Amino acid sequence: MKIIKAEYPYSNYIIYGPYFHKKENRYYVYLIDKVTKKRSSTSYARYLKAIQLKRILGEKEQVDHRDGNCKNDTIENLQLLTHRDNIKKYLKQHDIRKTIIQLCCPNCEKLFLREKRNTFLSKHGTFTACSRHCAGIIRRHLQLGIKYSFANNIINYDYTYPEIIKT
Ligand SMILES: [Zn+2]
């Protein structure tokens, strides 16, 4: 296996790679901690950015390829983004204008996602339930005079699937 010179902050690791990961469509390096022998991997882009910044990147920090080509790991092409910035860039690039909202069903308290245009924020009403079934129960309860607080119905206004983007 090809070993590359480990630089700070990865000086305590033996680094193999970079290897192309077909499914992820990007390069990876494999790390072995010299002391604990623990194995891990990270994208080559993250590895390079960490060396440039001389620190291990935080979980919420993402390395974005400026030109959109995930195989182009030249340092000039790599920029650090927060997860949210990265999602925004992705949505813009792919012309996705849908706003996804995270909600909590007032009846069963299940968390679910829905496009904003399909929630009470865009339609008439005071709440959005997870299903017709739950909406029916709430409506019946309201008719019976049972009080609901819909304050916790909306969990997150600016929510997008975290699965959309991987570093
Ligand atoms: Zn429900």
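FYI, it's all coordinate maths here, none of it is from the lab. As the structure is a prediction and not an experimental result, all values here were calculated from the model. We place every Cβ from the backbone using ideal geometry, glycine too, and count neighbours over all the protein chains shown.
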| field | Within segment 3-96: Cβ-based charge dipole about Cα centre, in debye rounded to nearest 20 (Lys, Arg +1; Asp, Glu -1) | value | 280 debye
| note | Here the net charge surrounding N107, from other residues whose Cβ is less than 13 Å away from its Cβ (Lys, Arg +1; Asp, Glu -1), is +3
| query | If you take the beta carbon distance between N118 and K23 as r and set R0 to 25 Å, what does 1/(1 + (r/R0)^6) give as a FRET efficiency, to the nearest 0.05? | reply | 0.20
| query | So what is the 222 nm mean residue ellipticity for the chain from helices alone, if each DSSP H run of at least 4 adds -39500 (n - 2.57) and you divide by all residues, rounding to the nearest 500 deg cm²/dmol? | reply | -6000 deg cm²/dmol
| query | Which trypsin sites (Lys or Arg not before Pro) from segment 1-64 combine a DSSP loop assignment with at most 12 other Cβ atoms within 10 Å? | reply | K2, K5, K22, K23, K34, K37, K38, K54, R55, K60
| task | For a footprinting-style exposure proxy, rank I3, I32 by other Cβ within 10 Å, fewest first. | result | I3, I32
| message | Can you give me the convex hull volume of the Cα atoms of the chain, divided per residue and expressed in Å³? | response | 156 Å³
| Distance (nanometres) between label positions extended 7 Å along Cα→Cβ at K60 and K5 | 3.6 nm
| task | Using 0.36 nm per residue of separation minus the Cα-Cα distance, give me the extension gain between N152 and N12 in nm, one decimal. | result | 45.8 nm
| query | Build a GNM of the chain with springs between Cα atoms under 10 Å: which of Q143, Q93, Q79 gets the top mean-square fluctuation? | reply | Q143
| message | Could you identify which residue out of A45, A129, A151 has the top mean-square fluctuation in a GNM of the chain using Cα springs shorter than 10 Å? | response | A151
| said: At 7 Å along Cα-to-Cβ for each site, give me the label-to-label distance between L142 and N69 in nm. | reply: 5.4 nm
